[in-house]
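These notes concern the structure reproduced below.
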Amino acid sequence: MGLFTKDIKTLDDLFVHTLQDIYYAENQITKALPKMIDKATDPQLKQGFETHLRETEGQIKRLEQVFEMHGHSPKAVTCPAINGIIEEANELAGDVADKEVLDAALLASAQAVEHYEITRYGTLIAWAKRLGRDDCAQVLSQNLEEEKATDQKLSDLAGSHVNRQAA
Ligand SMILES: [Fe+2]
Ligand SMILES: [Fe+2]
């Protein structure tokens, strides 16, 4: 089901489509993070990616819970946006020779992923509330809070030493 096709008629359809989109994205992220863990040199960055991989696995479980609560089976639809962000991250990492500059590149790519997730969860929460599904909004908010906290940790790392070591 593509966005803006006639398959999406109501806000409810759009909510479910976007849930399928972020479900796909989170699953792709669990595949991308182990590669980023391998490539990262800075111990705090590596640790941060490891923590977020475990969180992401929990986020997928929460999404499955929201699907069930809303009367749908969990299903993924291809999200070209996350594929593009991950593809760019891989290309960039492949082009960087210096270890510390590589950490800065990985950090920047990870922040792009977090910001994408934050915008999607923000939208899903707003729509869930419009649809009278405060219960779904509450579960989705837990994912949003983890993404925001991860983004903040990455910003702190960037400000503290990763970018400075790369300079
Ligand atoms: Fe996530
Ligand atoms: Fe995330």
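All of the numbers you see were taken from the coordinates with simple rules; none came from a lab. Worth saying up front: this structure is predicted, and the values here are computed from it rather than measured. Counting neighbours? That spans all protein chains shown, and the Cβs are built from the backbone with ideal geometry, glycine included.
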Query raised in the report: How much length is gained if the chain between T41 and E91 is pulled fully straight, taking 0.36 nm per residue apart and subtracting their Cα-Cα distance, in nm to one decimal?
Result: 16.2 nm
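Once you keep just the Cα pairs under 8 angstrom separated by 6 or more residues, what percentage relative contact order results for the chain? Write down the numbers at each step before the final one.
Numbers: 171 pairs, mean separation 45.9, N = 167.
With pairs under 8 Å counted, the relative contact order is 27 percent.
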Report task. Can you check what the Kirkwood hydrodynamic radius comes to for the chain, Cα pairs only, in Å to one decimal? Result -> 16.6
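Size of the dipole of the chain about the Cα centre, Lys and Arg at +1 and Asp and Glu at -1 on the beta carbon, nothing else charged, in debye to 20? List each step's numbers first, then the result.
Working: 18 positive and 28 negative charges, 67 e Å.
My answer is approximately 320 debye.
For the chain, list the DSSP H helices whose alpha carbon atoms reach 15 Å or more along the long axis and whose average Kyte-Doolittle value is -1.0 or above?
Details: long enough: 11-39 (41 Å, -0.25); 43-69 (39 Å, -1.03); 80-95 (22 Å, -0.04); 99-130 (47 Å, 0.05); 134-157 (34 Å, -0.96).
Both cut-offs are met by 11-39, 80-95, 99-130, 134-157.
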Report summary line: If each part is reduced to its alpha-carbon centroid, the stretch 74-153 and the stretch 1-60 end up apart, in Å, by 6
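If we count every other residue with Cβ under 14 angstrom of K61's Cβ, Lys/Arg +1 and Asp/Glu -1, where does the sum land?
Values: positive: R54, R62; negative: E26, E55, E57, E64, E68, E146.
Taking every other residue near K61 into account, the sum is -4.
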Report summary line: Placing +1 on each Lys and Arg Cβ and -1 on each Asp and Glu Cβ in the chain, then taking the dipole about the Cα centre, the residue among H52, G132, L107 whose Cα reaches farthest towards the positive end is G132
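If you take every residue apart from T41 with its C-beta less than 13 Å away from the C-beta of T41, what net charge results, scoring Lys and Arg +1 and Asp and Glu -1?
Spelling it out: positives minus negatives among the neighbours equals -2.
Tell me the mean residue ellipticity at 222 nm calculated for the chain from its helices only (DSSP H runs of n ≥ 4, each -39500 (n - 2.57), averaged over every residue, nearest 500).
Details: 6 runs with 132 residues, N = 167.
The helix-only estimate for the chain comes to -27500 deg cm²/dmol at 222 nm.
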